[in-house]
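All remarks here apply to the structure that follows.
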Amino acid sequence: MVSMLMDVSSELIHSLLPLFLVTTLGASALTVGLIEGVAEATALITKVFSGYLSDYFRKRKLLAVLGYGLAALSKPIFPLAASLAWVVSARFIDRVGKGIRGAPRDALVADITPPELRGAAYGLRQALDTVGAVVGPLLAIGAMLWFADNFRSVFWLAVIPAFAAVLLLVAGVHEPKPAGRRASGRDINRW
């Protein structure tokens, strides 16, 4: 559900962002391409480090919350954007969040799912992510009609599922205790 809600939020914005950049902020097609290219490269580079940090610190939920939280915090910047610099900053923050959350989220799914159900758990997560990727643009179309082509109002709408995703992750997901530790916290492997 967390993944679906964040995808709905992101796609509400991303499906309209090129038009917003060109029609409202006066960006060229080249500028739109550069912004998107840098944003996606940022996410891919960040993913390399988040997997290592997730394995090293074993604080998967913390990293997932950080990643989803950064993405959620970037969402209000879009409707407030007065210039291209604001959008570039928001896209950068959003994609850093995406890069940080991916590996820890997948490891957290593995940690909290019995081994015999992991395939189903990953499949469900991906399916709900895909649902969000379909629902987001459909909501964007409906919201643009409802708000009479007001990009900023639609972008404000996208803030709601983003913060709901973070709240659901914080309140609804519990990181399991590390393997090899008793409930008291004593290391059983040291003897």
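The values are calculated or read from the model by the stated rules, or taken from the named source; none is laboratory data. Computed from a prediction, not measured in an experiment: that's the story for all the values here. With ideal geometry, Cβ positions are generated from the backbone for all residues, glycine too; neighbour counts draw on all protein chains shown.
Here is a yes/no grid of residues against (1) among the basic types (Lys, Arg); (2) in contact (Cβ under 8 Å) with a residue 60 or more places away in the chain:
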| residue | (1), (2) |
| --- | --- |
| Ile45 | no, no |
| Ser50 | no, no |
| Tyr56 | no, no |
| Leu70 | no, no |
| Ala85 | no, no |
| Leu108 | no, yes |
| Arg125 | yes, yes |
| Ala143 | no, yes |
| Ala148 | no, no |
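Candidates Ser74, Ser89: the one that is in contact with a helix residue (DSSP H, G or I) (Cβ under 6 Å, 6 or more places away or on another chain), among the small types (Gly, Ala, Ser) and at pLDDT 95 or above is Ser74. Scoring Arg186 on the criteria (1) modelled with pLDDT of 95 or more; (2) under 22 Å from Tyr56 (Cα atoms) leaves a single failure, condition (1). Within segment 47-61, not a single residue is β-branched (Val, Ile, Thr) and closer than 26 Å to Ile160 by Cβ. In the set Ser28, Ser74, Ser3, Ser15, only one residue is among the hydroxyl-bearing types (Ser, Thr, Tyr), under 22 Å from Phe151 (Cα atoms) and either touching a strand residue (DSSP E or B) at 6+ places or on another chain (Cβ under 9 Å) or in contact (Cβ under 8 Å) with a residue 60 or more places away in the chain (or both); that residue is Ser15. Kindly establish whether Ser9 is without any contact (Cβ under 8 Å) to a residue 60 or more places away in the chain, closer than 20 Å to Ser153 by Cβ and crowded, with 19+ Cβ neighbours inside 10 Å. Judged against the criteria, Ser9 is not a match. Among the conditions (1) surrounded by 15 or more Cβ atoms within 10 Å (Cβ to Cβ); (2) under 17 Å from the mean Cα position of the chain (by Cα), the only one that Ala140 does not satisfy is (2). Please verify whether Leu167 is at pLDDT 95 or above, more than 15 Å from His14 (Cα to Cα) and either assigned to a helix (DSSP H, G or I) or not aromatic (Phe, Trp, Tyr) (or both), treating the condition exactly as stated. Yes. Summed over segment 1-41, residues that are over 30 Å from Ala121 (Cβ atoms) and part of a helix (DSSP H, G or I) total 17. Against the conditions (1) within 18 Å of Val2 (Cβ to Cβ); (2) under 20 Å from the mean Cα position of the chain (by Cα); (3) surrounded by fewer than 21 Cβ atoms within 10 Å (Cβ to Cβ); (4) of a type outside the set (Gly, Ala, Ser), Thr113 satisfies every one except (2). Can you tell me which residues in segment 7-62 are at pLDDT 95 or above and touching a Pro at 6+ places or on another chain (Cβ under 7 Å)? Val8, Ser9, Glu11, Ser15, Val32 - these are the residues of segment 7-62 that are at pLDDT 95 or above and touching a Pro at 6+ places or on another chain (Cβ under 7 Å). Identify the residue in segment 42-101 that is in a helix (DSSP H, G or I) and basic (Lys, Arg) and, among all such residues, is surrounded by the most Cβ atoms within 10 Å (Cβ to Cβ). Across segment 42-101, the extreme among qualifying residues is Arg101.
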